[in-house]
1. Checking the conditions here, which among 224, 250 is at pLDDT 95 or above and farther than 20 Å from residue 198 by Cβ?
2. So residue 188 clears everything in (1) free of Cβ contacts under 8 Å to residues at least 24 places away in the same chain; (2) touching a helix residue (DSSP H, G or I) at 6+ places or on another chain (Cβ under 8 Å) except one condition, right? Which one?
3. Could you please give the count of residues in segment 187-222 that are at negative phi and surrounded by 17 or more Cβ atoms within 10 Å (Cβ to Cβ)?
4. Could you go through segment 37-55 and let me know if any residue there is modelled with pLDDT of 85 or more, farther than 14 Å from residue 147 by Cβ and under 37 Å from the mean Cα position of the chain (by Cα).
5. Filter segment 337-357 for residues that are without any contact (Cβ under 8 Å) to a residue 60 or more places away in the chain and either outside the structural domain of residue 289 (by TED's automatic domain parsing) or within 21 Å of residue 213 (Cα to Cα) (or both) and give the result.
6. Taking the condition surrounded by 13 or more Cβ atoms within 10 Å (Cβ to Cβ) and either in the same structural domain as residue 87 (by TED's automatic domain parsing) or modelled with pLDDT of 75 or more (or both), does residue 183 pass?
7. Say whether the condition of being within 33 Å of the chain's Cα centre (by Cα) and either under 30 Å from residue 248 (Cα atoms) or touching a residue at least 60 places away in the same chain (Cβ under 8 Å) (or both) is met by at least one residue in segment 203-211.
8. Filter segment 70-92 down to the residues that are in contact with a strand residue (DSSP E or B) (Cβ under 9 Å, 6 or more places away or on another chain) and over 16 Å from residue 127 (Cβ atoms), then identify the one that is modelled with the lowest pLDDT.
């Protein structure tokens, strides 16, 4: 019996020992299964070659362009490159920090975070994961001999503009000079009729017949605004007509410098038509710099004086509708001109005539018929026509797949 018991134990084993052996076998099996389920480790892509760093041309400095040869793993069929990491250091031995990243298939990067006159060393590494290692890990994984150095500096001359911009400047400049010369010789230059400007003389004549004022508002901006300059230029022509017709002119302004400039323009206008005695400095007077204080003062002036004609020429903001609506209620002829897109609908709705956008800037040439102004206007029109033709040709060529000419104009 004892012999049989020993024989059975040797075959089946001790119960506790059997349980331990079974648990060990299960653990080994679980480990094997878990390892099998793990994703395979990403293989590092081949290194890049031909690293080149140079000062970015035609700029003010503080920029270096880095280029490299794509990794052989960055090709169709392999595509084992997620991105390129560009490292920058002030020594070939490091330390390096990340200057930027470039997507797969890209072999250039412009580093705009450098200083002029300092040598910078660049290395490029291709990675197959979007999880960026630290700068030290990247630097350690790079071959020490694959780098290039460059120094940023500013250039005095923009070479690309010589071939891409200079020809257009010459064409436009020569066309302006040619039209100015033609106008001085007495050639009549056609300018498209503008209803608001054609009505100026009639509006001034109406105010003269009624014995009521002409109010000219040159906007609410200072003399550094191009719309104010255009408005003051038009004021010179309006003042000449007012002096010839012996009409009452009132120019309330919201800026002191505009007051001084407008006063000289009006004085010169009266002088040019032989009426210096009719000029009074109080014709041009300052009210306030405050936007709505200025609008309230003008509204009071309109209601009290009831001018026959009101001109709005310059830059306007929220006060445009307040002024135009008040002028409309008193029955005045109102002619407005502005290049502020948001205010144009209000002037169109409340005024008799409105100069839209560039019509404001063409008004001085239209009214004065001066050779220089007319020549400049016609020369600019020629430039617009040429640009429009180039745009149409470019769109057609790009649409038909001949050539993309957008690069010809990129500077």
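The values are calculated or read from the model by the stated rules, or taken from the named source; none is laboratory data. Source: prediction; values computed, not measured. So basically every Cβ, Gly included, is an ideal-geometry build from the backbone, and we count neighbours across all protein chains shown.
1. Going through 224, 250 in turn, the sole match is 250.
2. Answer for residue 188: the failing condition is (2).
3. 18
4. yes
5. So in segment 337-357, the residues without any contact (Cβ under 8 Å) to a residue 60 or more places away in the chain come out as 341-351, 356-357.
Residues satisfying the conditions are 347, 350, 351.
6. Working: surrounded by 13 or more Cβ atoms within 10 Å (Cβ to Cβ): yes; either in the same structural domain as residue 87 (by TED's automatic domain parsing) or modelled with pLDDT of 75 or more (or both): yes.
When the stated conditions are applied, residue 183 passes them.
7. Here is the first cut: in segment 203-211, the ones within 33 Å of the chain's Cα centre (by Cα) are none.
Looking through segment 203-211, none of the residues is within 33 Å of the chain's Cα centre (by Cα) and either under 30 Å from residue 248 (Cα atoms) or touching a residue at least 60 places away in the same chain (Cβ under 8 Å) (or both).
8. Once the filter is applied, the top-ranked residue is 92.
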